[in-house]
Each structure stands twice: as structure tokens, then as C-alpha cells.
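Structure, as C-alpha cells:
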Amino acid sequence: MGDRQNKTRYVPSRFLSLSHDDDGSLILYCARTGAVGVVAQENAESARKALLRDTVTEGPLSGILSDLEQGGFLVLQGTDESAIVHENYIRRYTDRSLELIIMPTEQCNFRCVYCYEAFLRGEMTPDIRNGVKKFVESQQGLEQLTVSWFGGEPLIAGDVVAEITEHCQQYAARVGATFQCAATTNGYELTPEYADRIIPLGLKNFQISLDGVEHDHDERRVGANGEKTFARIMENLRYLHSSDHDFEVAIRYNFDPGNIPRVAEFYEMLKSEFGGDERFVTELQPIGRWGGENDASLSVCEGRPMLRSLIEAKKLALDAGFRDAHGIDMLRPSGAICYAANPRSFVIGSDGKVYKCTVELDYHDRNIVGQLHSDGTMDLDWRKMALWTETNGMDTGKKCVSCYFSPTCHGAICPKEWMDEGEAECPKSKHTIGDTLKLIRAESLFIKPSATA
């Protein structure tokens, strides 16, 4: 009896998800560790039994059971996993990282039909540019610096982008911090000449929207003077494809009921242009009513039909050989937390106003959390900051408390929704977890799944 009591006991993680693949294998996911594992068919049943709720497995573990323990799928009985998750979440307050989302101009050369921005301000002044650089230099013990360019259209202020990017890259190198730099751009001004200039300065990641084949795109993403935009963007992308530059372009497909029927044609077009170039990845997002003047007339995909369309389109993208820009990242611990919930993330407007959310920019005073000055000091209203950074679903009675997926988002996928609605919608990857895990497995093994359900 005494020997039995001294044996180590293991139980399934409370943050576990299981899914069966078509070949009989078992795909496992632990949200606390971010581990995704595949158990071959011959071992699937023994693994499944060990992971049943309330099952206790006695150690020492070996074989497949040892693998399950290493991935966090099995944990020592009595482990307080919720405390571990919470500790990881609050660590963001002492994190030695800084994320700046900078708007070098709030003007844009496009007038996309679903846009929510007001284009109230112009290019960032030299004083505010200096303030950005001095603010970065004022950070103590910085280990990770991330700069994301946003707008308006950031590249119509290309000199501002180049000036600050170069400064931040040099500063990070000087203090030994890692540096990541990205731009959300329509791609119109990412000309061969500008690409040759900006990529060596450290701007290597681009999100560029192509909303379908040429006709569909040109109906939705219209130039400010009514001009068509698809052809020039494609010319710029073809140059990047032909170059030796080190970069990644996430081609974002914003879909609605009108263009989703032609998604297969779109990915075949991408395959013919950029197939085999691993620097090109894909991203899919449903068009939403985000506060723009055309919201009432937009036709949008919502609910379960939207989720089905999303998964089928992702299968087609993988069939065409393109990796999902965010698939596995959204399943990592804290991977689905909105940047606005991060106390070390700031949106800096072209006039130095400091915001938390890029969607709510000029629509609510709560989003204006501070002001950046030319000397690099940043005045913050911590009462407003708390609205964004302390909002989550982990309070007693909230749905996130018992959710297996909570280590990825902590209820903070959209602080704006928590404030407006009382609860935020769960991440799409949770709603589609079975199909998402199959796609991740297929991508990792270079298996092309069928696009039919």
C-alpha cells in the first residue's frame, strides 16, 4: 500500500484539446504550453484514454505517455495550472519589450469601401519624429523592440518611415536588443526603388491586402481619385519576388459574400505569380462593419457561414502552397491577446497623440491615453490605460475562467469589445480548433488537404 501511495500521479491538462485526423491519428493541443502534437494511429487509443477527464496515470512514464508529459498534455496531479497561466499573463508588466505602432501620416491614397478612418491629420512633424527616437532611447534594459508602421497609408510618408526605422535598427543593435519592423501598407508605394531603400534598413515584414482577383480588388480598394490599384500593387510584388531581399509579405484577403466565391481563382493566380517563394504567406479576414461611413451598405460574412468560408479558403491557400501568416502563432500562450491590452504597446499618431487601439482612433476619448513630446517624454493617463490593459474575462462568473483556450487570449482578444459589450467574441481559431489543428499539421508535413468539407 505504501509503495502505491508514493508513486507519482499524472492527470490530463485542463487546457487540452483533442482532434482526430482523417488517417486515424490524434492531434493534441495544450493551450498552456502552446504544444501541438500528433499521435500516430497505432498509439492514438492509448493516448486518448490517458487524456480522458478524471483519468489518473501512475508514473514513471515511458513511451508515448512520456511524450504527453513533455508537451504539457499530462501534468502532475495537484499542479495549479491556472496559477501558472496567470503568472505568465501578469509578467507583461515587467516585460523588457516595447511595441510601437507608428502613424507617420494619417492621410491615405486609397478610399477602400470598408475603411473606418477619418484622415484628419497629415505627416508627422520633425519634432514628433525626434520625440519617437528619444522615447525609444529612454528605455532601460530593453531586450525586444518592435516597430509597426500604420496609417493612413504609411508609405506615402516614406521618408519618415525610413528615418525612424533606421534609427531604431541602429539603437537596437547598439544596446543588444532584437529588432522587428513591419508595415501594414496597401503596397501602392512599395515600389522597387523604395523596397531597395527600406528593406536594408530593417523593415522586412509587410501586410498587403489584395481583395481577390483584379476586378474584385479594384471594386473594393479604390484609389483616392477613383483610380484602379491592383495592377501597380502586383508590379511591386513581382519585383519583390524577383529580388534577393530578405522579407516576408503577408498577402491579406479581406473577404465578403461577393468575392469569397472566387477565392480559388485568387489563390491559383497567386500560385502562378509567387508559388514556391516562401517569403510570401497568406492571411484571411472577413470584412466587418468597423465604424466607417459605408458600414450600413456593406455585405459581410458573419457567424458559422463566415467560419466555414474561412476554413475552406485556408485549405485552398494551403493547396496552392502558401503558409498561413498567423496559424500556429494564434495558438501560442498569449498569442491571441490584442496589442491594445499590452501595457508596453503604444499607438503613436502623427501629431504625437498616444492611443491604444487603431480601430477606435478618433471615435472615443478613452482611446487617447497620452501625448508624446519632442523631448521623448510620454505623458500617460493611467486611468485610461487601465481600461485597456486590465480588461479581461477572468473575473468570477466570466466565461473565460473555465475555458481551455484562455491561455492564448486571457479574455483580452479585444478590450474594445469587453468595454462595449461586456464580453468579447472568442478567437476564430477556438471556434474552428479541429480544422485549424488539421491545417497546422498538414502545413508542417507539406500535405495538401482537400478543399471540400
With criteria (1) modelled with pLDDT under 95; (2) over 21 Å from Glu283 (Cα atoms), Tyr194 comes up short on (1)
Here the residues within region 208-253 that are of a type in the set (Ser, Thr, Tyr) and surrounded by 15 or more Cβ atoms within 10 Å (Cβ to Cβ) are Ser209, Thr229, Tyr239, Tyr253
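Taking Arg121 as the residue in question, decide whether it is touching a residue at least 12 places away in the same chain (Cβ under 8 Å), in contact with a strand residue (DSSP E or B) (Cβ under 8 Å, 6 or more places away or on another chain) and more than 18 Å from Gly352 (Cβ to Cβ).
no
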Of Thr184, Thr165, the only residue that is polar (S, T, N, Q), buried (at least 18 other Cβ atoms within 10 Å of the Cβ) and within 18 Å of the chain's Cα centre (by Cα) is Thr184
The number of residues in region 381-412 that are farther than 17 Å from Ala83 by Cα, surrounded by 12 or more Cβ atoms within 10 Å (Cβ to Cβ) and at pLDDT 90 or above is 7
When Leu52 is run through (1) under 19 Å from Cys400 (Cα atoms); (2) part of a loop (DSSP other than H, G, I, E, B); (3) among the aliphatic types (A, V, I, L, M), the failure sits at (1)
Considering only helices (runs of 4 or more DSSP H) wholly within region 58-147, the ones with at least 3 residues that are under 24 Å from the mean Cα position of the chain (by Cα) are 81-90
If you go through Asp362, Asp420, the only one that is over 22 Å from Ile90 (Cα atoms), acidic (Asp, Glu) and buried (at least 17 other Cβ atoms within 10 Å of the Cβ) is Asp362
Reported set for region 310-348 where residues are touching a strand residue (DSSP E or B) at 6+ places or on another chain (Cβ under 8 Å), surrounded by fewer than 22 Cβ atoms within 10 Å (Cβ to Cβ) and not hydrophobic (A, V, I, L, M, F, W, C) is Arg323, Asp324, His326, Tyr339, Asn342, Arg344, Ser345
- prompt: Out of all the residues in region 78-98, is one or more at pLDDT 90 or above, closer than 18 Å to Leu18 by Cα and β-branched (Val, Ile, Thr)?
  reply: no
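For Arg129, are the conditions met, namely being among the basic types (Lys, Arg) and buried (at least 19 other Cβ atoms within 10 Å of the Cβ)?
It is true that Arg129 is among the basic types (Lys, Arg) and buried (at least 19 other Cβ atoms within 10 Å of the Cβ).
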Log entry, pairs with first residue in region 237-250 being assigned by TED's automatic domain parsing to the domain that holds Gly276, second being of a type in the set (Ser, Thr, Tyr) and surrounded by 15 or more Cβ atoms within 10 Å (Cβ to Cβ), beta carbons closer than 9 Å, six or more apart or on different chains, reads Tyr239/Thr191; Ala250/Thr282
Only one of Ile348, Ile311, Ile368, Ile337 is in the same structural domain as Ser138 (by TED's automatic domain parsing) and of a type outside the set (S, T, N, Q), namely Ile311
Just one listed residue, out of Glu248, Glu189, is of a type outside the set (A, V, I, L, M, F, W, C), over 24 Å from Gly276 (Cβ atoms), in contact with an Asp or Glu (Cβ under 9 Å, 6 or more places away or on another chain) and at pLDDT 95 or above, and it is Glu189
Within region 254-296, restricting to residues that are closer than 16 Å to Asp319 by Cα and among the aromatic types (Phe, Trp, Tyr), the one that is surrounded by the fewest Cβ atoms within 10 Å (Cβ to Cβ) is Phe274
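The values are calculated or read from the model by the stated rules, or taken from the named source; none is laboratory data. Note that the structure is a prediction, hence the values are computed from the model and not measured. Every residue, glycine as well, gets a Cβ built from its backbone with ideal geometry; the counts of neighbours run over all protein chains shown.
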